[in-house]
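Novice: Sharing a structure with you now.
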Amino acid sequence: MLGMITIQTPSPIAWDAYVRTHPRAHALQLSAFGALKSAFGWQSALIALVRQDDTIVGGTQLLFLPLPMKLGNLAYLPMGPYVSDDAYHKPLWDAIHHTAKQHKARFLKWEAGIFVDEPAPDFEKLGFKPSPQIIQPPNTILIDISADEETILARMNQGTRRKIRQSQKNDIHYYQASREDVVKFTAMMHTTSERNAFGVYEPAYYQLAYDLFVPQGDATLFMAEHDGDALAGAFVCKVGKTAWYLYGASSNIKRNLMASYGVQWQAIQWAKSHGCTTYDMWGIPDADEATLEAEFQNRDDELWGVYGFKRGWGGKIVRSVGAWDVVYNPLVYNAYKAYLKIRA
């Protein structure tokens, strides 16, 4: 029996409290992520199934992005939705589709955050079809950090362990950054972008990310400095038992000091100290492991440049089930697909 439930717009505090208790809790479902994206061209909406005793038993955060030529919006559901009982799936999906259409969505893109070796919903039965476009990288590396630090280090390759040790012998100052340090981090982000040929956000984006996540205790920015020079930084978010290495940067100077390895090890230790058992390196090229290992030394475009760094930390390469679309307006959807092909 479902009992009496209502569809409500929860407060950010109430929604975040529910997210943190869910086994699949994810940083992209926190209200702070919706607030961050809303400051840069998106809109966000929270949906909750609420019992008579005001207990949230399901819900999701939806994001909306205007389509080209004022054709309406793209609705986006990242890393959710959540239910406390399978019986709530249907009323939640009804509410999701209703809300999406209210926001003039012409289609809904769903990236569930489920990996291919995990149980997955029947996407096609729910009306979805494989999407021609992804938003989040489908491939990542997950590090098991549930064991003691010596065991975590032993799982890494020899080169990564050596570079971590080297990073600890060079009088590098590692610290959790203040708000004033974000400008140093954003400068390094653009340096890293130019070196590894991937896109980055404008500086204000990272400043707002810090303001929304760090004071609430959901993230930290670790920095590494040597003799006044900023050498590396890692922005890491945590929810539940998982931490995500969302943004990383390093300078072009003193790279022999291996500060990027040291700052990453600091972030892993921080995540472990906060009860996390999984550390998600968040994004590697969309290729199978054999191809990754065969080509990473020959390529430095897009995410290939960072794969060489991420591969040595003793994690497991995993792939998500990808992106799926449900179409509300076929004409606009087909026009959008054609637009993607032109831009490719």
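Novice: Separation of region 67-112 and region 254-279 by C-alpha centroid, Å?
Specialist: Here the answer is 35 Å between Cα centres.
Novice: Test of understanding: what is the full-extension gain from Arg343 to Gln43, defined as 0.36 nm times their sequence separation minus their Cα-Cα distance?
Specialist: Values: separation 300, 0.36 × 300 = 108.00 nm, distance 2.38 nm.
Between Arg343 and Gln43, full extension yields an extra 105.6 nm.
Novice: Grab the Cα-Cα distance for Ala17 and Lys70, subtract it from 0.36 nm times how many residues apart they are, and report the gain in nm with one decimal. Each step should come with its number before you reach the end.
Specialist: Numbers: separation 53, 0.36 × 53 = 19.08 nm, distance 3.57 nm.
Between Ala17 and Lys70, full extension yields an extra 15.5 nm.
Novice: Take the Cα atoms of region 139-319, build their convex hull, and give its volume per residue in Å³. Let's see the in-between values first.
Specialist: Values: hull volume 20.1 nm³, N = 181.
Output value, Cα hull per residue: 111 Å³.
Novice: Could you give the length gained on full extension between Asp144 and Tyr175, defined as 0.36 nm per residue of separation minus the Cα-Cα distance, in nm? Could you put the intermediate results ahead of the total?
Specialist: Working: separation 31, 0.36 × 31 = 11.16 nm, distance 2.36 nm.
The Asp144-Tyr175 span can extend by a further 8.8 nm.
Novice: Past 19 Å, Cα to Cα, is the threshold; run Lys163/Lys310; Lys90/Lys241; Lys70/Lys129; Lys109/Lys129; Lys241/Lys272; Lys37/Lys341 against it and keep the listed order.
Specialist: On the way: Lys163/Lys310 13 Å; Lys90/Lys241 28 Å; Lys70/Lys129 24 Å; Lys109/Lys129 10 Å; Lys241/Lys272 9 Å; Lys37/Lys341 25 Å.
Exceeds cut-off: Lys90/Lys241; Lys70/Lys129; Lys37/Lys341.
Novice: If I take R0 = 45 Å and measure r between the Cβ atoms of Asp54 and Lys129 in this structure, what FRET efficiency does the formula 1/(1 + (r/R0)^6) give, to the nearest 0.05?
Specialist: Working: r = 37 Å, r/R0 = 0.82.
Given R0 = 45 Å and the Cβ-Cβ separation, E is 0.75.
Novice: How long are the three semi-axes of the equivalent ellipsoid of the chain, in whole Å, if each is the root of 5 times an eigenvalue of the C-alpha gyration tensor, listed from largest down? Mind showing how you got there, number by number?
Specialist: Values: eigenvalues 250, 104, 79 Å².
Rounded to whole Å, the semi-axes are 35, 23, 20.
Novice: Using only the alpha carbons of region 1-131, determine the length spanned along each of the three principal axes and report them from longest to shortest in whole angstroms.
Specialist: 45, 32, 25
Novice: Which parts of region 308-330 would a label at Arg165 reach, counting a residue when its backbone N lies under 15 Å from a point 7 Å out along Cα-to-Cβ?
Specialist: Answer for this model: none.
Novice: Now for a different question. Along the charge dipole of region 139-319, which of Ala249, Met189, Gln266 sits closest to the positive end, that is, farthest toward it, with unit charges on the beta carbon of Lys, Arg, Asp and Glu (+1, +1, -1, -1)?
Specialist: Ranked along the dipole, the leading option is Gln266.
No lab work stands behind these numbers, since they all come straight from the coordinates. Please read all numbers here as calculations on a predicted model, not as lab measurements. Note that we place each Cβ from the backbone using ideal geometry, even for glycine, and neighbour counts take in every protein chain shown.
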